[in-house]
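**Q** One structure coming up, written as structure tokens, with questions to follow.
A short reminder: the numbers here are calculations on the coordinates, not readings from a lab. Being a predicted model, the structure only gives us computed values, none of them experimental. Using ideal geometry, Cβ is built from the backbone for each residue, glycine included, and neighbour counts are taken over all protein chains shown.
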Amino acid sequence: MSVSHYDLCVVGGGINGAGIARDAAGRGLSVILVEGDDLASGTSSASTKLIHGGLRYLEHMNFRLVRESLRERETLLRTAPHLVRGMDFVLPMGGSGHPAWKVKLGLKLYSWFAGKTRLPRFRSVQNLAGEAFGLPLRPEYKRGFVYSDGWGDDTRLVILNAVDAAENGADIRTRTICTGLKAESGNWVVSLHDRNSQNNYSIHASAVINATGPWARRFLEGTGLDENDPDLPKVRLVQGSHIILPRQHKGEESYILPQPDGRVVFVIPYERDFTLVGTTEVDFAGDPKDAMASEDEMAYLCAAYNKTFKAPVLPEDAIFTFSGVRALVDQDKKSVSAISRDCRIYHHKRLSKPLISVFGGKLTTYRAQAERVVDLAVDLIKVVADPWTADQPLTGGEFDGGDLGAFISRQKARYPWLPEVLLKRYAQAYGARMDMVLDGVDSLSGLGIYCGQHVYEAELRYLVTHEWAQTEDDVLWRRSKLGLQVTDETAENIASTLSSIVA
């Protein structure tokens, strides 16, 4: 493969890398993004799926992060209405938790930081037993609060940021490993290995962004660059685990359960038929790819749940678990809960060519983080390019008014033959891009091979052609969450159809 030159080489295909690639490509920079596995195959597929300000961060006086997170929540509600939506959270008062006056004060401050918002204001509930969402709670929880925050599809956010980057000219290469960096002739020579073809080749880049998440320090060590820099941020790897249970409650409300150790557990209705409970926060050592929920973590989540709800759950009730590892910027704090989720953007000034590493950060603020990284990068490579992502919809979110319900109604009229469950899934996953999935199709038979459970060949072709899907897991766990629902037969049919498309 011939050597090519790019303004920016982004290493890492998680939310930070994809967001940076989108921002930079939209400013007119030539961009290549390389990811050693699939997009969103690491931490970015293992979040609690919340787009929120972080109510508990107020306890640690991290007001700047809360304010920025709430501002970004509004930005994402506006620019990605197909992927991000409001969600009500019930905060029960009782047991040994914080006193109600303190929680009310925190919610008032949270609302004040949020400013003008499309989400409802918080309210006090004097009799939880008189509300449908209070019925599952144990009787000692008599009062509480309801407030609104955001929920988002984490993996779809990654994928569509990458799609948007590609539509603005970025070169997205999955299953491509960066094996080395070398400063030469005024540029970085970036050595790459294509895992599919087993080819080794190089590209040139004016600047490199290390957006490898929990692998950021390992990347620096592997390339032999600046790992001994005394000013390099200390990183603490923290594992967060979740369990998924059969649906526990009928309502659409989620619950937030503060724990005596300072951690917070969320109970969230998930993918129609399930309940998600998470997350834990425990120190992690080893390869983040190997992260998995321990027996202690599962027991912790069940204990937190059982302390609040009437009907108990056991670890063996979990039908699925997932774990992710975050790289938090260590501030010498003993408690993981006390460590800020803020992002540290680090310019390796000792090196002759621009290298920027991204440490920490959270899903909610990825867009603002990406903007700051690209601001620094264009300054270093002396290019004038203005930010743009705060005002432009993420691809698929361009429907009028950003009202998903109204968009679904219009799509029903346009595709009356499409089953409602499939139409809603397409609308929520692809937004306006669902028209690309359905291009030229006017009946179910036109969607091609039927794999079962509303999965058709046309969607798989779209995912391979436009979203870099190659394997069954790419489709079932990262381009969708269908892995929770499909039967073995459907999964086998998907794998077979994919193999014929990819071949």
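**Q** Which entries in the list K102/K362; K142/K424; K104/K412; K142/K412; K49/K349; K108/K481 go over 32 Å, if you measure between the two C-alpha atoms of each?
**A** Exceeds cut-off: K142/K424; K104/K412; K142/K412; K49/K349; K108/K481.
**Q** Ok, one more. Quick one: length gained pulling H5 to N200 fully straight, 0.36 nm per residue minus the C-alpha distance?
**A** Fully extending the segment from H5 to N200 adds 68.6 nm.
**Q** Show me the ranking of peptides 173-184, 283-294, 30-41 by mean Cβ neighbours inside 10 Å, starting with the highest.
**A** Packing proxy ranking, top to bottom: 30-41, 173-184, 283-294.
**Q** Sort largest first and round to whole Å: the equivalent ellipsoid semi-axes of the chain, each the square root of five times a Cα gyration tensor eigenvalue.
**A** Ellipsoid half-lengths, sorted descending, are 35, 29, 22 Å.
**Q** Evaluate the charge dipole of the chain about its Cα centre and quote only its size in Debye, nearest 20, assuming +1 on the Cβ of each Lys and Arg and -1 on the Cβ of each Asp and Glu.
**A** 1920 debye
**Q** Still on this structure, I have one more. As I understand it, the dipole of region 400-502 uses +1 on the Cβ of Lys and Arg and -1 on the Cβ of Asp and Glu, about the Cα centre. Which of G440, W477, Q411 lies farthest toward its positive end?
**A** Q411
**Q** Express in nm, to one decimal, how much length is gained between D386 and V421 on full extension, taking 0.36 nm for each residue of separation and deducting their alpha carbon distance.
**A** Extending this stretch completely gives an extra 8.5 nm.
**Q** Now a separate question. Please report the spacing between the Cα centers of region 1-73 and region 375-421 in Å, no decimals.
**A** The distance from the Cα centre of region 1-73 to that of region 375-421 comes to 17 Å.
**Q** Using Stokes-Einstein with the Kirkwood hydrodynamic radius over Cα pairs, what translational diffusion coefficient do you get for region 400-502 at 20 °C and a viscosity of 1.002 mPa s, in µm²/s rounded to a whole number?
**A** 153 µm²/s
**Q** Measure off 7 Å from each Cα along the Cα-to-Cβ vector at D379 and Q259, then give the distance between these two points in nanometres to one decimal.
**A** My value for the distance between the label points is 3.9 nm.
**Q** Would you kindly derive the ³J(HN,Hα) couplings of region 206-214 from the backbone phi angles with the Karplus curve 6.51 cos²θ - 1.76 cosθ + 1.60 (θ = phi - 60°), listing them in order in whole Hz, with x for Gly and Pro?
**A** In residue order, the calculated couplings are 6, 8, 10, 10, 8, 10, 8, x, x Hz.
**Q** Under a point-charge model restricted to the Cβ atoms of Lys and Arg (+1) and Asp and Glu (-1), what is the dipole moment magnitude of region 124-224 relative to its Cα centre, in debye to the nearest 20?
**A** Charge dipole of region 124-224: 360 debye, to the nearest 20.
**Q** With labels modelled as points extended 7 Å from the Cα through the Cβ direction, what inter-label distance (nm, one decimal) is found for K349 paired with Q453?
**A** 5.4 nm
**Q** I would also like to ask the following. For E252 and W101 in one chain, what is 0.36 nm times their gap in residues minus the Cα-Cα distance, to one decimal in nm?
**A** Roughly 51.7 nm would be gained on extension.
**Q** What FRET efficiency do you get for D283 and S409 if R0 is 30 Å and r is their Cβ-Cβ distance, rounded to the nearest 0.05?
**A** Step by step, r from the Cβ atoms, then E = 0.05.
**Q** Right, here's the next one. Under a crude label model (7 Å from the Cα following the beta-carbon direction), how far is V502 from E316 in nanometres?
**A** In this crude label model, V502 to E316 measures out at 3.7 nm.
**Q** So how do D88, D386, D474 line up by other beta-carbon neighbours within 10 Å, fewest first?
**A** Lowest count first: D386, D88, D474.
**Q** Is there a quick way to get the dipole size of region 320-413? I mean about its Cα centre, with the Cβ of Lys and Arg at +1 and of Asp and Glu at -1; what is the value in debye to the nearest 20?
**A** Taking the Cα centre of region 320-413 as origin, the dipole is about 540 debye.
**Q** Taking one equal scatterer on every alpha-carbon of region 1-131, how large is log10 of I(q)/I(0) by Debye at q = 0.22 1/Å?
**A** Log10 of I(q)/I(0), two decimals: -1.36.
**Q** Any idea which of I177, G222, P393 is furthest toward the positive side of the dipole for the chain, if Lys and Arg beta-carbons carry +1 and Asp and Glu beta-carbons -1?
**A** Value computed over the given set: P393.
**Q** Tell me, what ³J(HN,Hα) does each residue in region 135-145 have, in order and in whole Hz, if you take phi through Karplus 6.51 cos²θ - 1.76 cosθ + 1.60 with θ = phi - 60° and put x for Gly and Pro?
**A** 4, x, 7, 5, x, 5, 8, 9, 10, x, 9
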